Amino acid sequence: MRRSTGEHSLDPSGYDAELRRHNEVLRRICGVRLQDVVLDIGCGTGQTTREAARAAREGNALGVDVSAPAIERARESARAEGLRNVTFEVANAEVHRFPQERFDLAISRFGTMFFDDPAAAFANIGRALRPAGRLVMLVWQPHDRNEWAVEIRQSIAGFEGAASTGPDAFSLGDPATVRRILDAAGFTEITFTDVDESVYYGPDVDAALDWVRRFACTSEIVKRLDAADEARAVGRLRETLTAHLSDDGVWFGSRAWVVTARRGAPSR
Ligand SMILES: C[S@@+](CC[C@H](N)C(=O)[O-])C[C@H]1O[C@@H](n2cnc3c(N)ncnc32)[C@H](O)[C@@H]1O
């Protein structure tokens, strides 16, 4: 199921709110230090980049993303917050010519699952890291372990064209596959931390429906339906969301990994 690729929602409050519990875990494991130089891969509207910049007061942070509108929003937020040690660039992290051996830490919140050639992409990121520099990335575990993905897919299953297409948000869900990719890209000390936190879709069902309808995996399908099927599909989504409404909003279970690795010694 495609959750999002270059189509990161431009509503930073929505995505940042959805992932607030995940973000705490990621931030703790990143452990950005005062003088770190940080690269944020697939930074979207840049919450994690700005947080890294705040922690690295004597260092700096660069966020890169293929989405120009997302980068523009990230820049606006950084300007509004008066941050001077953060920059953003529109770039494809897979092939971008980063300065070599510049970064102490490469981070990502769900921005590394969409590479065409993951081994080449992580090798490219590895070259941007200083020797022994760290990679810390949050990625989804497999689809079937993610209640949100399973239930959204079930809600829209059966409608014409409901099969998901395009890049796979769960492509780094299997630890053995990720180990193989990172090992081939020259990383060592690869670890996985199980993140068993819920995602938040909004304070009530209307807000949650509005949010979930923006996901690539729903919007691309719903837009192909005729009016009657659209009404039925949206009705089913609404029922699913209603079943997850609690006193503090609409929440779904999710499972992710924080993957950490260290750049190995470069082969000369
Ligand atoms: C799920 S969003 C996460 C955005 C951001 N990390 C956050 O947590 O708010 C995935 C992001 O990865 C970006 N992306 C996908 N492939 C990329 C690539 N090859 N290089 C840079 N960014 C990429 C997308 O444009 C999108 O903004």
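The values are calculated or read from the model by the stated rules, or taken from the named source; none is laboratory data. In this text, all values refer to a predicted model and were calculated from it rather than measured experimentally. Glycine gets a Cβ as well: all are built from the backbone with ideal geometry, and neighbour counts include every protein chain shown.
Scanning region 46-68 for residues that are assigned to a helix (DSSP H, G or I) and surrounded by 18 or more Cβ atoms within 10 Å (Cβ to Cβ) turns up Gln47, Thr48, Thr49, Arg50, Glu51, Ala52, Ala53. Residue under question is Leu83, and the condition is that it be in contact with a Leu (Cβ under 7 Å, 6 or more places away or on another chain) and either surrounded by fewer than 22 Cβ atoms within 10 Å (Cβ to Cβ) or modelled with pLDDT of 95 or more (or both); does it hold? For Leu83, the condition - in contact with a Leu (Cβ under 7 Å, 6 or more places away or on another chain) and either surrounded by fewer than 22 Cβ atoms within 10 Å (Cβ to Cβ) or modelled with pLDDT of 95 or more (or both) - is not met. Just wondering, is there one or more residues in region 9-31 that are assigned to a loop (DSSP other than H, G, I, E, B), modelled with pLDDT of 95 or more and away from the ligand (no atom under 11 Å from the Cβ)? Yes, because at least one residue in region 9-31 is assigned to a loop (DSSP other than H, G, I, E, B), modelled with pLDDT of 95 or more and away from the ligand (no atom under 11 Å from the Cβ). For region 237-268, a residue qualifies if it is β-branched (Val, Ile, Thr) and loosely packed, with under 15 Cβ neighbours inside 10 Å, and exactly one does: Thr242. For region 164-191, the tally of residues that are of a type in the set (S, T, N, Q) and at pLDDT 95 or above stands at 4. When Ser67, Ser4 are screened for being modelled with pLDDT of 95 or more, closer than 25 Å to Ala121 by Cβ and within 15 Å of the ligand (Cβ to nearest atom), only Ser67 passes. For region 74-105, a residue qualifies if it is small (Gly, Ala, Ser) and either within 18 Å of Ala56 (Cα to Cα) or more than 10 Å from the ligand (Cβ to nearest atom) (or both), and the qualifying residues are Ala74, Ser77, Ala78, Ala80, Gly82.
Within this structure, Thr188 fails the test of being assigned to a helix (DSSP H, G or I) and of a type in the set (Val, Ile, Thr). Only residues that are away from the ligand (no atom under 14 Å from the Cβ) and within 17 Å of Val136 (Cβ to Cβ) were counted across region 43-59, and they come to 5.
Does region 133-141 contain any residue that is more than 19 Å from the chain's Cα centre (by Cα), within 15 Å of the ligand (Cβ to nearest atom) and either in contact (Cβ under 8 Å) with a residue 40 or more places away in the chain or assigned to a loop (DSSP other than H, G, I, E, B) (or both)? Checked against the condition, which is being more than 19 Å from the chain's Cα centre (by Cα), within 15 Å of the ligand (Cβ to nearest atom) and either in contact (Cβ under 8 Å) with a residue 40 or more places away in the chain or assigned to a loop (DSSP other than H, G, I, E, B) (or both), region 133-141 yields no hits at all. Restrict the check to region 33-45 and report whether at least one residue is at pLDDT 95 or above, hydrophobic (A, V, I, L, M, F, W, C) and either in a loop (DSSP other than H, G, I, E, B) or more than 22 Å from Asp104 (Cα to Cα) (or both). Checking region 33-45: at least one residue is at pLDDT 95 or above, hydrophobic (A, V, I, L, M, F, W, C) and either in a loop (DSSP other than H, G, I, E, B) or more than 22 Å from Asp104 (Cα to Cα) (or both). Per the listing Asp204, Asp194, the residue uniquely within 23 Å of Ala106 (Cα to Cα), surrounded by fewer than 16 Cβ atoms within 10 Å (Cβ to Cβ) and at pLDDT 95 or above is Asp194.
Check region 167-190 and report whether any residue there is touching a residue at least 12 places away in the same chain (Cβ under 8 Å) and among the basic types (Lys, Arg).
Step one: of region 167-190, the residues touching a residue at least 12 places away in the same chain (Cβ under 8 Å) are 167-175, 178, 181-182, 184-190.
With the extra rule that they be among the basic types (Lys, Arg), the set shrinks to none.
No, because not a single residue in region 167-190 is touching a residue at least 12 places away in the same chain (Cβ under 8 Å) and among the basic types (Lys, Arg).
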